[in-house]
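The block underneath contains the structure these notes are about, expressed in structure tokens.
The values are calculated or read from the model by the stated rules, or taken from the named source; none is laboratory data. It should be emphasised that the depicted structure is a prediction, and the values quoted were computed from it without experimental measurement. No Cβ is skipped: glycine too gets one built from the backbone with ideal geometry, and neighbour counts run over all protein chains shown.
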Amino acid sequence: MESSRVLVGRVTDFKKNPTSVITVNSPNGKKTQIATYCIHGQYFALDNTCSHKQALLSDGDIEDLGKTLPESGGYCVRCPKHKYKFSGGLYFSLINGKVFTQTPCNAKAFNPDWSLATYSVEVIQEEVWVYTTPTNGVEPTESHESKFWASITLAKMSRYNHDCIIFSFTVDTYLKIEYPFVQDKKKFKKEFKGRMKLDNYLKQLPYECWHLDFKDSDDTTLREYTPISSWKNLRDNSKLDLLIKLYPEGQMSKILTKAIIGTKFFMGPPKETIPAYFFKDVTNATAYACIAGGTGITPFAQMIKLIEHKLSIGEKAPKLTLLYSNKKEEDILLKEELMEYAKKMGDHLKVIFTLTREDPKNFSEPSPYLFGRVNADLIERFLSPKLHIHIFVSGPEGMWDTLLPLFIEKGYDKFSCTELEA
């Protein structure tokens, strides 16, 4: 296969910024982002899109793992989205493109066969060039600059609390959004021919438990968010609401802080967060356990709304026990809504709040809160596998790795534990 050569920049450019990203048309026809790195005068080039959740690796840190993981070949880039997940981070070798973790990883979402394409870099008369044919035989990854993105416009910003804002958007173009999870419509129709008509399949949408990719108009930063608005509102009214916590050093937070009404962003096709089969063939005695941390409450808010709707139309629905952890009382999101649903849904929803950085003495008795981090005792007390057939977790980085061993200790098997990705 003939390899074309693309100019990345000049050597002096890499003295100012050791990483440069370009988008190329790769030999397989895909539009691919390639990140070129200069490390102590050596140049390396790698696909810029993480195999797991499509984060931009150019935002990640470079580490030399040659001593601890010789098979990595040395320099690796750490995925910026998963700094603590997967047993201490997800690393891709700049030498061979293979994926590595610092310690053995048993997470269901981890695939040890993940690899990214690597590319040759050549310096010619102080110019840095990259060849677009992979050197390791791995197929180039399609950039998230794909035709499956929809343009959205910021229409409103509403302060929710001290560090969270509700960003409301209108959707300008639908592109492929009317076919969630489907990129090849003809292939999709063929696949379901004889088993299920496409129209019948689509009638089963909306998925109420869904999330999406979200990026800025300059295509520099991508994040996943779970909307607090419904798929129906998106489909019928072209409206989208995101409850987003802003972090002082967060790249997307900085972009959103500067945004004004009318600023353009892009959203990807909705993706299922909790598979639909968790809500089919259930009885009113089926019970799920849920642990949320901070903004990780949003998938469970969707889950609760779906169950409440099923109950309201006389359908069977599972029971939920939700343990919601926050640092302080002011950090609790959707508190009033959760309490109202708990009141309305009776024994189908139990919500327990726990605070990790509050002094119990500051609250009158009986306090509506527990205090301290989620631990084995709380799991045994409220989320026992004797009463729940599955447990879901959604929270900050590191939460899953901390809790999974406790679930196993208390009697859950690893196939009954799911980390929600958004």
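Assorted remarks:
- Scanning segment 142-186 for residues that are acidic (Asp, Glu), modelled with pLDDT under 85 and either in the same structural domain as Trp231 (by TED's automatic domain parsing) or part of a strand (DSSP E or B) (or both) yields Asp172, Glu178, Asp184.
- When Tyr247 is tested against (1) out of contact with any Phe, Trp or Tyr (no Cβ under 8 Å at 6 or more places or on another chain); (2) surrounded by 14 or more Cβ atoms within 10 Å (Cβ to Cβ); (3) assigned to a loop (DSSP other than H, G, I, E, B), just one condition goes unmet, and that condition is (2).
- Residue match in segment 3-19 (condition: modelled with pLDDT of 80 or more, within 26 Å of the chain's Cα centre (by Cα), surrounded by 15 or more Cβ atoms within 10 Å (Cβ to Cβ) and assigned to a strand (DSSP E or B)): yes
- Residue check for Phe363: aromatic (Phe, Trp, Tyr) and in contact with a strand residue (DSSP E or B) (Cβ under 6 Å, 6 or more places away or on another chain): no
- Segment 249-262 residues that are assigned by TED's automatic domain parsing to the domain that holds Arg223, paired with ones that are part of a helix (DSSP H, G or I) (beta carbon under 8 Å, 6 or more apart): Gln251/Asp59
- Subset tally (residues that are touching a residue at least 12 places away in the same chain (Cβ under 8 Å) and assigned to a helix (DSSP H, G or I)) for segment 271-292: 3
Here's the yes/no breakdown for (1) assigned to a loop (DSSP other than H, G, I, E, B); (2) hydroxyl-bearing (Ser, Thr, Tyr); (3) buried (at least 19 other Cβ atoms within 10 Å of the Cβ):
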| residue | (1), (2), (3) |
| --- | --- |
| Ala45 | no, no, yes |
| Ser58 | no, yes, yes |
| Thr68 | yes, yes, no |
| Cys76 | no, no, yes |
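- Cβ-Cβ distances below 8 Å connect the following pairs, each with a first residue in segment 55-79 that is in contact (Cβ under 8 Å) with a residue 60 or more places away in the chain, a second residue that is in a loop (DSSP other than H, G, I, E, B) and surrounded by fewer than 19 Cβ atoms within 10 Å (Cβ to Cβ), and a separation of six or more residues or different chains: Ala55/Pro80; Leu56/Pro80; Leu56/Thr220; Asp59/Pro80.
- Meets criteria (modelled with pLDDT of 85 or more and not charged (D, E, K, R)) for Gly29: no
- Some residue of segment 303-313 being surrounded by fewer than 22 Cβ atoms within 10 Å (Cβ to Cβ), within 22 Å of the chain's Cα centre (by Cα) and of a type outside the set (Lys, Arg): yes
- Out of Glu122, Glu126, Glu139, Glu63, sole residue that is surrounded by fewer than 18 Cβ atoms within 10 Å (Cβ to Cβ), in contact with a helix residue (DSSP H, G or I) (Cβ under 6 Å, 6 or more places away or on another chain) and at pLDDT 85 or above: Glu126
To keep it simple, each residue is scored yes or no on (1) small (Gly, Ala, Ser); (2) under 22 Å from Asp219 (Cα atoms).
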residue: Asn17; (1), (2): no, yes
residue: Asn25; (1), (2): no, yes
residue: Ala35; (1), (2): yes, yes
residue: Gln42; (1), (2): no, no
residue: Asp47; (1), (2): no, yes
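- Scanning segment 275-293 turns up no residue that is buried (at least 20 other Cβ atoms within 10 Å of the Cβ), out of contact with any strand residue (DSSP E or B) (no Cβ under 6 Å at 6 or more places or on another chain) and under 24 Å from Lys410 (Cβ atoms).
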